[in-house]
Amino acid sequence: MSLTLDTYRLLGRSGLRVSPLALGTATFGTDWGWGAEQDEARKLFDTYVERGGNFIDTANTYTNGSSERQLGEFTRDNRESLVLATKYTTLRRPGDPNSGGAHRKSLFASVEASLRQLNTDYIDLLCLHVWDFTTPVEEILRGMDDLVRQGKILYVAMSNAPAWEISRMQAIADLRGWSPLVALQIEYNLINRAAERDLIPMARAMGLGVTPYSPLAGGLLTGKYSRVDLTATNAGSGGSGGSGESTRKNFNADLGMVTERNLAIADVVKEVATELGRTPAQVGLAWTLQNPDVTAPIIGARTPAQLEDNLGALEVDFTAAQLARLDEAGAIELGYPHDLLASDHIRTVTAGDLKIETRR
């Protein structure tokens with residue numbers, strides 16, 4: 001593969017050029033009990049940018065706003081050369097029903113707050129963070145388009161929403177001449193491949209660049225977890241201690257991430273990493289990078305050493321056999337109708353012995 005951060009890719013059906021790995025900044029600030037202090041976060045930012053990286057992801061409520069505020073300071077001298085992506089919909093003020101959600105009031109207020117915190121007069125990419133099942137899609141799209149026309153945001157994107165809603169939104173935007181969606185941020189890794197059922201094929205058809213978050217499954221694919229953690233989780237302790245690392249382990253345990261299946265997948269990642277002379281984190285990230293539908297996985301390092309290790313994923317080359325083992329380890333059933341449509345029976349009744357070549 002042998003990529004570099006300055007081997008730029010187009011983001012979806014747009015002309016925007018972004019690095020093949022995005023720098024996630026949910027680790028900028030320690031407000032959530034884990035993460036990087038400001039000096040350490042500055043080192044992460046500088047390392048990424050000095051290597052040619054230009055794609056930086058945050059959200060309005062990451063580390064209670066510390067992430068955006070720190071980025072506002074770090075980007076004072078090179079704002080124009082960076083692609084800053086932020087998100088809205090998460091609750092900004094507990095108890096205020098309109099400080100969260102996808103609706104117009106939340107959208108406009110959140111963007112204004114992000115502009116202040118980021119110390120900028122425009123946002124390159126605004127992403128709807130979490131689908132709320134209440135706001136009409138026309139209200140979301142029109143609000144985003146108004147902000148694009150005002151020059152406060154340049155491109156719009158979606159995250160954590162049903163595929164059918166996103167595809168409907170793209171069709172409406174196209175028909176009404178509103179700003180199209182250009183990207184889709186989803187959880188995607190060897191442990192969670194559910195996006196392969198509908199979200200990724202939808203993104204391919206609708207012209208959305210895929211930017212996976214949690215490409216290392218919350219750290220499970222880095223080799224940090226063992227059967228000891230599984231035992232602790234089953235016992236209800238979820239780990240011990242109060243360090244940032246153990247706090248993150250507790251978080252993953254509470255989410256039900258530490259399971260026998262997931263540890264078995266992590267074991268295969270470690271085996272392949274040993275064969276390649278790489279780290280498990282590099283192998284896990286490189287697996288997402290080899291997917292042609294993926295534009296830029298989002299890496300969320302907490303220390304400069306972790307970031308340097310993650311960037312090494314750009315240099316990983318798999319053999320066909322190694323890639324097949326990784327695919328098999330994390331394979332999922334696509335379910336109905338996908339499994340039916342891929343079956344030999346349907347192939348026979350629809351095409352018989354005909355040979356039909358298909359291309360993406």
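P(r) for region 82-225: what percent of alpha-carbon pairs falls in each 10 Å bin, starting at zero?
All Cα pairs, binned at 10 Å, distribute as 11, 40, 34, 13, 1 percent.
For a Förster distance of 45 Å, can you work out the FRET efficiency between the beta-carbons of Val228 and Ser2, rounded to the nearest 0.05? The partial results should precede the final answer.
On the way: r = 37 Å, r/R0 = 0.81.
With R0 = 45 Å, the Cβ-Cβ based efficiency is 0.75.
Please give the per residue volume of the convex hull enclosing the alpha carbon atoms of region 161-233, rounded to a whole number of Å³. The partial results should precede the final answer.
On the way: hull volume 6.8 nm³, N = 73.
With only Cα atoms used, region 161-233 gives 93 Å³ per residue.
Using a 1.4 angstrom probe on heavy atoms only, work out the carbon and sulfur share of the accessible area of region 1-115 in %.
Details: 2240 of 4760 Å².
Of the solvent-accessible surface of region 1-115, carbon and sulfur hold 47 percent.
If R₀ is 35 angstrom, what is the calculated FRET efficiency for the pair Glu112 and Asp267, using the beta carbon separation as r and rounding to 0.05? It would help to have the intermediate numbers written out before the result.
Values: r = 48 Å, r/R0 = 1.36.
Taking R0 as 35 Å, the efficiency between Glu112 and Asp267 is 0.15.
So which trypsin sites (Lys or Arg not before Pro) in region 258-298 pass both tests, a DSSP loop state and at most 16 other Cβ atoms within 10 Å of the Cβ? Spell out each step's value before the answer.
Numbers: sites: Arg261, Lys270, Arg278; in loops: Arg278.
Sparse-neighbourhood loop trypsin sites (Lys or Arg not before Pro): none present.
Got a sec? Charge dipole of the chain, +1 on Cβ for Lys and Arg, -1 for Asp and Glu; which of Asn310, Leu181, Leu230 is way out at the positive end?
Comparing the listed Cα positions along the dipole, Leu181 ranks first.
Expressed as a whole percentage, what fraction of the accessible surface of region 296-339 belongs to carbon and sulfur atoms when a 1.4 Å probe is rolled over the protein heavy atoms?
On the way: 1130 of 2060 Å².
Carbon with sulfur: 55 percent of the solvent-accessible area.
What whole-number value in Å² describes the accessible area per residue of region 285-360 for a 1.4 Å probe?
Numbers: 4550 Å² over 76 residues.
Counting only protein heavy atoms, the per-residue value for region 285-360 is 60 Å².
Determine the gain in length on full extension of the stretch Glu275-Arg13; use 0.36 nm per residue of separation and subtract their C-alpha separation, reporting nm with one decimal. All intermediate terms of the calculation are to be shown ahead of the outcome.
Working: separation 262, 0.36 × 262 = 94.32 nm, distance 3.73 nm.
Gain on stretching Glu275 to Arg13: 90.6 nm.
Say a paramagnetic label sat at a point 7 Å from the Cα of Glu165, along Cα to Cβ; which residues of region 121-154 have their backbone N under 16 Å from it?
Those under the cut-off are 127-144.
So for the pair His338, Thr259, with labels modelled 7 Å out along Cα→Cβ, what separation do we get in nm?
1.6
Can you tell me the alpha carbon radius of gyration of the chain divided by the globular rule-of-thumb value 2.2 N^0.38 Å? Intermediate results must be reported in sequence, preceding the final value.
On the way: Rg = 20.8 Å, N = 360, 2.2 N^0.38 = 20.6 Å.
Here the answer is 1.01, to two decimals.
With every protein chain kept in the model, how would you rank Lys105, Lys87 by accessible area, 1.4 Å probe, largest at the top?
Details: Lys105 135, Lys87 0 Å².
Sorted by accessible area, descending: Lys105, Lys87.
Quick check: net charge around Pro97, other residues with Cβ under 13 Å of its Cβ, Lys/Arg +1 and Asp/Glu -1?
On the way: positive: Arg92, Arg93, Lys105; negative: Asp96, Asp132.
Neighbour charge sum, excluding Pro97 itself: +1.
Quickly work out the Trp32-to-Arg347 label distance, labels modelled 7 Å from Cα along the C-beta direction, and quote it in nm with one decimal.
Those two pseudo-labels are separated by 4.3 nm.
For the full complex of protein chains and a 1.4 angstrom probe, list His338, His129 by accessible area with the highest value first. All intermediate terms of the calculation are to be shown ahead of the outcome.
Working: His338 50, His129 25 Å².
The ranking, largest first, comes out as His338, His129.
Roughly how far apart, in whole Å, are the Cα centres of region 114-149 and region 153-182?
After rounding, the separation between the Cα centres reads 11 Å.
Tell me the per residue accessible area of region 99-237 using a 1.4 Å probe; a whole number in Å² is fine.
Values: 5320 Å² over 139 residues.
It amounts to 38 Å² per residue over region 99-237.
Report the label-to-label distance for Glu50 and Asp77 in nanometres (one decimal), using points 7 Å from each Cα along the Cα→Cβ vector.
My value for the distance between the label points is 1.2 nm.
Just the accessible area for Ile356, please: 1.4 Å probe, Å², rounded to the nearest 10?
Ile356 has an accessible surface of roughly 120 Å² with all protein chains in place.
Filter the chymotrypsin sites (Phe, Trp or Tyr not before Pro) in region 83-149 to those in DSSP coil with at most 13 other Cβ atoms within 10 Å of their Cβ, and list the result. Kindly include the intermediate steps, with their values, before the conclusion.
Details: sites: Tyr88, Phe108, Tyr122, Trp131, Phe133; in loops: Tyr122, Trp131, Phe133.
Of the chymotrypsin sites (Phe, Trp or Tyr not before Pro), the ones in loops of region 83-149 whose Cβ has at most 13 other Cβ atoms within 10 Å are Phe133.
At 1.4 Å probe size, with every protein chain present, just tell me what the per residue accessible area of region 13-56 comes to in Å². Don't skip to the answer; put the middle values down first.
Numbers: 1760 Å² over 44 residues.
About 40 Å² of surface per residue is accessible.
Magnitude of the Cβ-charge dipole of region 252-360, K/R +1 and D/E -1, about the Cα centre, nearest 20 debye? Provide the component values of the computation, followed by the final result.
Details: 9 positive and 17 negative charges, 45 e Å.
About 220 debye.
The values are calculated or read from the model by the stated rules, or taken from the named source; none is laboratory data. Values in this document were obtained by computation on a predicted structure and should not be read as measured data. As a convention, Cβ positions derive from the backbone with ideal geometry for all residues, glycine included, and neighbour counts pool all protein chains shown. Surface areas here come from the heavy atoms of the whole protein model, side chains and all, with no ligands, DNA or RNA. Shrake-Rupley method; radii C 1.70, N 1.55, O 1.52, S 1.80 Å.
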